[in-house]
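Before any comments, here is the structure.
Just so it is clear, none of the values below were taken in a lab; they were calculated from the coordinates. The shown structure was predicted, so the numbers you read here are calculated from the model rather than taken from an experiment. When we count neighbours, we look across all protein chains shown, and the Cβ atoms used for this are built from the backbone with ideal geometry, even at glycine.
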């Protein structure tokens with residue numbers, strides 16, 4: 001179960017999600033710097049390159065690609081006046097109680113377990129400068145979904161780094177039973 | 001925090017979600033019968049009227065309304081050829097690994113706690129006859145989101161009945177400390 | 001389905017969860033003040049009494065009671081040296097990647113939909129003074145679960161206030177169709 | 001953020017979770033057969049060995065190890081009369097509305113995205129023979145957590161196989177843009 005029961009061929013999503021984000025003008029560099037700033041205190045040997053690799057890894061996950069594709073499509077169509085009402089108005093007004101944007105983002109955060117959760121909530125609440133820099137600011141844009149999606153990507157990339165750092169510490173430590 | 005920071009007035013969603021489902025041809029009677037069939041073995045004095053009331057209660061929750069509004073709008077626009085590619089094709093082909101439909105449905109299920117979860121998975125997997133009867137079958141339709149949404153509404157309504165039955169038993173029982 | 005299939009009587013949990021928190025020395029007053037501080041900017045007519053009522057409402061939900069009961073029991077038994085190893089050591093060291101505490105807290109946060117999520121993450125990350133004041137600080141204590149549980153209770157209470165404020169605005173606004 | 005801020009060394013969990021399950025008498029063979037039975041219709045070239053490898057992969061994930069460790073410790077201590085009341089009684093009676101067991105299992109299911117969700121709900125509801133065979137049946141045992149954990153491990157293993165089969169199909173298919 002849990003597959004395509006029709007046997008239809010799954011076509012590639014060959015970087016579609018990343019291409020969509022690029023089309024929206026999303027700049028990944030500030031996101032990579034944000035991951036670095038957040039994780040450096042806990043992973044002393046962290047490099048920008050490791051952060052970039054983690055962000056890339058998150059964005060290439062299938063469930064993340066589908067979440068990005070869905071959210072960005074909704075943002076774009078609302079912005080261009082092609083989304084049906086009343087959903088279009090709700091997205092344009094970024095109603096805080098809408099919640100579907102956050103639910104979608106949560107499916108990205110969960111990709112590396114619950115530890116991305118606090119980071120996501122913090123980023124969603126504090127909106128650090130890097131998140132703003134990642135998005136183009138010109139003109140009346142609708143970023144209801146992409147706002148939360150970028151925070152979720154950063155949170156998941158941080159979680160991945162945390163897990164890998166713990167893996168490295170475990171590999172270097174004697175097994176628990178040997179204490 | 002966590003509110004509309006702009007102070008913009010929140011307009012009503014006066015039955016918008018229910019109206020959208022009605023426009024899609026969704027018949028609530030089979031859903032009510034399904035809730036009854038699933039819960040009757042555990043709640044002997046259950047009536048169809050109580051099941052109808054629980055389904056109504058679920059559908060009127062704000063987060064459920066927003067989930068319905070988003071999912072049904074995506075289904076309709078994909079069906080009518082007005083949704084951007086490649087999302088439209090993904091919805092039309094109902095790709096099992098898409099997952100966003102399930103994530104959205106989960107936000108409905110969670111409204112009454114984790115106990116709706118097993119019901120939802122079971123309904124999503126088994127697709128009992130009542131779920132099919134609730135949807136119009138004529139013509140090439142896109143029901144990717146509404147399929148999961150109806151299963152989620154039934155699961156949440158079952159969970160609400162289970163909680164209320166437990167409340168009634170608790171009210172009738174001596175307190176735990178008195179044993 | 002989704003009920004007690006055995007027909008066993010559900011005994012009351014008559015304030016057991018609240019009693020357990022009281023036994024742990026948890027002071028609800030700082031939590032109520034924290035809810036007030038966080039929500040006042042968005043709900044101008046908010047009173048401390050409304051915040052206290054929301055916190056009480058959250059704590060009395062069945063799934064919240066069970067989460068509190070489970071988490072506090074684990075904390076207490078780890079603290080008193082009665083929990084099996086290696087779980088006891090993991091709780092005493094409050095390992096960040098443990099995550100089960102956060103998963104449990106999430107089930108509390110979700111009680112009022114996804115909007116509590118950002119608040120929870122923010123509180124979990126920032127640990128404002130009120131959260132510390134709510135817990136007794138004397139001696140070597142294990143607060144791995146209760147830390148996250150208190151943040152979750154505050155986040156859920158904030159979400160409930162946000163939803164009720166939106167309800168009030170909706171009741172006062174003309175219906176969307178009338179625009 | 002999101003790491004062990006204290007710099008304490010993370011000791012290994014060297015197969016602790018698997019060892020705990022073995023101590024409980026859990027037999028992985030029926031679980032592997034269940035994964036095979038569920039996925040074979042959708043992945044024609046599936047082998048038992050691939051199913052065993054997927055189950056092993058799930059069990060070795062850090063968040064899964066912590067979930068197993070927590071749930072099994074609670075089951076064992078409740079069974080042996082060493083868990084504090086009233087939690088011990090709640091676990092022994094397997095109260096359906098308890099829900100914490102399901103919340104913990106969900107954190108396992110989510111490891112491979114939302115597609116494991118339906119499988120988990122189905123397994124939790126239907127309890128196929130293989131799940132019963134995986135657990136020892138002798139004497140009065142408490143399996144409140146382990147019941148859901150095993151269903152979650154199977155669901156996550158199925159999800160992993162589904163994702164990998166889709167990856168293989170994608171690698172063999174021409175890119176979407178080339179149609």
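In table form, for the structure just shown:
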read-out: Cα-based shape type of the protein assembly as shown, given that a ≥ b ≥ c are square roots of the gyration tensor eigenvalues and the cut on a/c is 1.5; value: rounded
read-out: Normalised contact order of chain D, rounded percent, pairs of Cα under 8 Å and 6 or more residues apart; value: 33 percent
read-out: Estimated distance in nm for a label pair at residue B:40 and residue C:173, the labels positioned 7 Å out from Cα along Cα-to-Cβ; value: 4.2 nm
read-out: Rounded to 10°, Cα long-axis angle of helix A:28-39 versus longest principal axis of chain A; value: 40 degrees
read-out: Whole-number D in µm² s⁻¹ for the range A:16-168, Kirkwood Cα-pair radius fed into Stokes-Einstein, 25 °C, 0.890 mPa s; value: 158 µm²/s
read-out: Global geometry of the range A:92-177, whether rounded, prolate or oblate, following the gyration tensor of its Cα atoms and the 1.5 cut on a/c; value: prolate
read-out: For chain B, calculated [θ]222 nm from helices alone, where every DSSP H run of n ≥ 4 adds -39500 (n - 2.57); value: -19500 deg cm²/dmol
read-out: Longest to shortest principal axis, alpha-carbon extents of the range B:122-168, angstrom; value: 46, 18, 17
read-out: Rounded FRET efficiency, nearest 0.05, which uses the C-beta distance separating residue C:82 from residue B:80 and R0 of 60 Å; value: 0.45
read-out: FRET efficiency estimate (nearest 0.05) - Cβ-Cβ, residue B:48 to residue C:57, R0 30 angstrom; value: 0.50
read-out: Shielding by partners, peptide D:154-164 (average Cβ within 10 angstrom, other chains); value: 2
read-out: Cα centroid of the range A:69-123 to Cα centroid of the range B:57-81, whole Å; value: 14 Å
read-out: Degrees separating the helix C:100-109 axis from the principal Cα axis of chain C, which is the longest one; value: 30 degrees
read-out: Residue and distance (whole Å) for the chain D Cβ nearest the axis that superposes D on A; value: D:110, 2
read-out: Rounded tilt (10° steps) of D:116-126 against the dominant C-alpha axis of chain D; value: 50 degrees
read-out: Average other protein chain Cβ within 10 Å of Cβ, residues A:59-70; value: 5
